[in-house]
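Input: a single structure, listed below in structure tokens.
Since every read-out is calculated from the coordinates, none of them should be taken as a lab result. Predicted model, so just to flag it, every value in this text is computed and none were measured. Glycine also receives a Cβ, built like all others from the backbone with ideal geometry; neighbour counts cover every protein chain displayed.
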Amino acid sequence: MRAPEPVAERVSDPAKLERVFELRGLSAWYGAAQALRNITFDIPKNRVTAIIGPSGCGKSTLIRCLDRMNDLIPGFRAEGHVTYHDEDIYGPAADPVLLRRHIGMVFQKPNPFPKSVFDNVAFGPRINGYTGNMHEVVEGSLRRAVLWDEVKDKLGTSGLALSGGQQQRLCIARALAVEPDVLLMDEPCSALDPIATYRIEELITDLARDYSIVIVTHNMQQASRVSDLTAFLLAGEERTGELVEFGPTRDLFTRPADERTEAYITGRFG
Amino acid sequence: MSAAVAERMRWRPTVAGRRRSGRLFLLLCYAATAVGILALVVLLADTLIKGAPGLSWQFLTSYPSRFAERSGLLAALVGTFYVAVIVVAVAFPIGIASAVWLEEYVSPGPLRRILETNIGNLAGVPSIIYGMLGLAVFVRALSLQRSLLAGGLTIAILVLPIVIINAQEALRAVPSGLRHASFALGATRWETIRHHVLPAALPGILTGTILALSRAIGEAAPIILISSIAFIAFLPDSLLDSFTILPIQIFIWVSKPQAAFHAIAASAIIVLLVMLLTMNAVAIVLRDRARRGVGW
Amino acid sequence: MTGEQRTIHSRAALDEGLVSLQRQLRTLASHVDVAIERGVLALERLDRRAAQRVIAEDGRINELRFKIEDDAIHLIAMQQPIAGDLRLIVAVLSILPELERIGDYCAGIAKVVLLHEDRPLLKPLVDVPRMAQLCREMLRDAIDAFISRDAERARAVGLRDDEVDRLYDQVYRELLTFMLNDPRTIDRATWLIWVAHNLERIGDRVQNICERTVYEATGVMREFTREERPEHE
């Protein structure tokens with residue numbers, strides 16, 4: 001009777017996987033309050049990486065550091081390095097606007113623009129100077145988000161008229177339209193019903209073939225269903241998040257290395 | 001009685017007493033509202049009775065004269081219209097741009113707090129002070145004389161704080177998710193404002209605009225200082241010409257001893273009220289449509 | 001209102017379920033332990049009625065095994081355990097069939113009593129009761145080690161199976177001699193070899209339980225036979 005395979009085939013050895021982000025000593029502050037301390041790990045390419053942890057541990061802060069969305073929050077400051085395509089995105093030469101085109105983001109509450117479905121998807125390409133066939137881009141993105149069949153006859157209707165799950169898929173299509181290579185998802189299913197949630201999870205697994213996906217979730221089962229690797233963040237009393245454990249999801253959820261990880265994922269936390 | 005019932009009776013036996021105090025309070029509210037409405041109704045009735053007979057097309061298209069039966073609102077209406085145009089042309093662009101800058105570009109902090117506090121204070125400054133400001137700056141320092149331009153600019157400055165505050169509220173009401181989504185697609189701040197924030201805030205801004213305008217055309221005090229309370233029986237030829245406005249015309253007629261002039265003053269009041277009510281109604285319709293998200 | 005401190009024990013239902021599973025496992029193990037004792041005792045005395053009781057008891061052992069299994073499945077479905085909790089339940093599920101098989105072996109020993117009918121034992125039993133004693137001690141210690149997740153203790157218990165195996169070889173050779181000397185003893189000698197073989201198998205099953213315990217505690221599955229006894233290679 002042999003032990004089960006210690007790592008999944010998709011994640012044979014994390015150290016050998018090609019990386020899309022390298023975080024080194026990332027720390028972040030909102031004014032005087034430190035939200036993250038010394039986060040160091042690598043996010044691999046074309047895999048789904050989940051970030052889990054109790055509320056207030058800094059998961060959202062961490063994911064928003066990856067596309068510099070935190071810059072929009074007054075008083076925010078980051079130290080350390082985040083390397084993306086061999087460049088430090090917090091370096092002096094980095095342009096956040098350009099960065100955000102290549103790193104798509106989907107938010108917790110679906111936020112389609114109050115425009116038509118078509119214009120929602122077309123906005124990104126238009127703003128970034130796309131000069132090709134817009135209909136192709138819109139159809140392609142909606143197909144990739146598995147929404148085309150449901151909206152192909154009503155591209156002119158308002159994005160807000162769709163159901164919650166459809167709105168979220170519209171937001172995904174919108175993000176995909178500018179052809180990013182990374183998709184960041186901040187609790188994308190927490191505002192959705194279970195059926196819509198499962199559809200989005202399936203979509204995520206499918207998208208991971210072409211994109212690198214980072215997903216923040218507070219739902220343990222979702223992290224274990226959907227992700228290849230998982231990072232567990234924990235904040236102490238000072239509410240500063242630190243990385244406790246990072247590894248293949250299969251290992252983290254069957255035999256976590258750190259007892260705090262085990263306490264959290266089995267629900268015996270505090 | 002059973003133990004259970006006795007137990008329940010430990011809690012006040014009936015709700016009737018509590019309901020009574022509620023009803024009393026409701027009654028007091030009705031009474032208070034009635035007082036306000038009654039006062040308004042009495043004023044309106046008085047005005048309508050006095051002024052309705054004087055309303056006619058001739059009334060609206062004649063110049064004022066020494067004779068009450070031949071006096072009309074033409075000069076005042078045209079003057080009011082020109083002032084409104086100047087206010088729109090000057091206060092709205094400046095006001096909306098200021099609001100956008102404050103709300104979207106300046107980060108919260110001491111600078112913003114100081115600016116917003118001061119703007120709020122300015123909104124509460126008595127209009128006569130603005131009149132004095134207009135007199136000193138526009139009429140005298142800039143040598144614009146007692147002209148339409150000076151009057152219009154003065155009123156524009158008067159409503160500017162209101163426009164800014166309203167526009168800021170409208171911008172603030174735009175959900176931040178919209179901005180985030182736009183930024184996340186690689187849009188610049190200006191692109192986000194132009195394509196998403198302003199269009200979404202537009203109904204709110206327009207509503208505030210119309211309300212500011214209705215305030216503007218009802219202001220008499222500053223114009224009393226700027227313009228002369230002269231007998232204006234002509235239409236202004238240029239921006240630097242003399243002018244009069246509706247509230248001032250009303251003031252002039254009310255100040256005359258003859259009852260006939262009081263009557264046509266009442267008629268003029270009706271005209272002013274109709275204008276104000278119409279503008280407010282338009283503002284409410286716009287706000288409704290904006291809330292329901294209906295396209296225009 | 002009364003100022004008492006109440007804390008929420010998260011996963012209380014899961015914890016109670018896990019404790020219950022382990023408690024029931026211990027109960028099952030003690031039933032099996034008694035079955036070994038009574039089975040061999042019935043053989044020593046050729047007590048037919050005692051033997052029949054052992055065979056009947058095996059039915060109850062099987063029932064308990066399936067009840068524990070049902071409880072475990074129920075716990076998984078209702079509580080969605082993961083990590084250590086899930087591994088514990090899976091370990092319990094893997095030990096159940098081992099215990100049930102041991103019960104079957106005891107019933108097999110009891111059946112040998114019935115086969116004898118009115119014939120006497122071939123020889124007074126010395127090694128067989130010794131094997132049974134060792135097995136019972138091993139079983140008790142193995143279950144203790146599992147419940148307390150003590151890998152060291154489990155490893156030590158597992159190694160004691162060597163002694164059981166050695167005794168089996170001894171019994172086998174002795175009975176072989178009997179059969180060679182007097183062919184009329186072949187029947188009864190064969191039955192006794194069968195009993196000794198059952199006991200040897202019981203020892204192996206207990207060793208499996210020990211291997212499982214070590215795996216649970218360390219994450220490494222190593223069979224005792226290969227690693228721990230280099231002289232057999």
In the Gaussian network model of chain C, springs joining C-alpha atoms below 10 Å, which of C:Leu99, C:Leu86, C:Leu25 carries the largest mean-square fluctuation?
C:Leu86
Between C:Val90 and B:Tyr105, what FRET efficiency comes out of the Förster formula 1/(1 + (r/R0)^6) with R0 = 60 Å and r the beta carbon distance, rounded to 0.05?
0.50
Using alpha carbons only, how many degrees (0 to 90, rounded to 10) separate the axis of helix B:148-172 from the longest principal axis of chain B?
20 degrees
Taking just the C-alpha trace of the range B:66-179, give me its Rg and Dmax in Å.
17.9, 63
Contact order normalised by length for chain B, with contacts defined as Cα pairs under 8 Å and 6 or more residues apart; what percent is it?
26 percent
Might you report the magnitude of the Cβ-based charge dipole of chain C about its Cα centre, with Lys and Arg at +1 and Asp and Glu at -1, to the nearest 20 debye?
500 debye
Mean Kyte-Doolittle of at least -1.0 and a Cα length of 24 Å or more along the axis: which whole DSSP H helices of chain C meet both?
C:12-45, C:48-79, C:83-116, C:127-147, C:161-181, C:186-218
Using alpha carbon centroids, what distance separates the range B:182-219 and the range B:62-130, in Å?
17 Å
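Could you tally the net charge around A:Glu245, taking each other residue with its Cβ under 13 Å from the Cβ of A:Glu245, Lys/Arg +1 and Asp/Glu -1? Write down the numbers at each step before the final one.
Working: positive: A:Arg255, A:Arg260; negative: A:Glu242, A:Asp251, A:Asp258, A:Glu259, A:Glu262.
Within the 13 Å Cβ shell, the charges total -3.
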Fewest to most neighbouring Cβ within 10 Å: what's the order for C:Met78, A:Met105?
C:Met78, A:Met105
What FRET efficiency do you get for A:Arg77 and B:Val5 if R0 is 51 Å and r is their Cβ-Cβ distance, rounded to the nearest 0.05?
0.15
Taking the alpha-carbon centre of each part, the distance from the range A:208-264 to the range C:36-50 in Å is 57 Å
With Cβ to Cβ distances under 13 Å as the rule, what net charge do the other residues near B:Ile248 carry (K, R +1; D, E -1)?
0
Rounded to 5, the percent of DSSP beta bridges in the range A:95-232 classed as antiparallel:
10 percent
Taking the Cβ of each residue in B:Leu40, A:Leu192 as the centre, tally the other Cβ atoms inside 10 Å and list the residues starting with the fewest.
B:Leu40, A:Leu192
hull vol. (C-alpha, convex hull) per residue for chain B, Å³ -> 247 Å³
Which of rounded, prolate, oblate describes the range B:1-139, given a ≥ b ≥ c as roots of the alpha-carbon gyration tensor eigenvalues and a/c under 1.5 marking rounded, otherwise prolate only if a/b is larger than b/c?
oblate
Cα-based helix-to-principal-axis angle, B:198-218 vs chain B, degrees rounded to 10
50 degrees
For helix A:194-207, report the angle its Cα long axis makes with the longest principal axis of the Cα atoms of chain A; keep it between 0 and 90° and round to the nearest 10°.
90 degrees
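Calculated from DSSP H runs of 4 or more alone, at -39500 (n - 2.57) each and per residue, what is the 222 nm mean residue ellipticity of the protein assembly as shown, nearest 500? The partial results should precede the final answer.
Numbers: 31 runs with 483 residues, N = 799.
Computed ellipticity for the protein assembly as shown at 222 nm equals -20000 deg cm²/dmol.
Could you tell me the relative contact order of chain A? Use alpha-carbon pairs under 8 Å, at least six residues apart, and round to a whole percent.
Numbers: 509 pairs, mean separation 72.3, N = 270.
Computed value for chain A: 27 percent relative contact order.
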With the calculation restricted to Cα positions, what are the radius of gyration and Dmax of the range B:15-54 in angstrom?
17.3, 58
Within 10 Å of each residue's Cβ, count the other Cβ atoms and sort B:Thr117, C:Thr218 from fewest upward.
B:Thr117, C:Thr218
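Using only alpha carbon pairs under 8 Å that are at least six residues apart, calculate the relative contact order of chain C and give it in whole percent.
Numbers: 261 pairs, mean separation 55.8, N = 233.
Computed over chain C, the figure is 24 percent.
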Going by Cα centres, the range A:113-190 and the range C:60-111 are how many Å apart?
52 Å
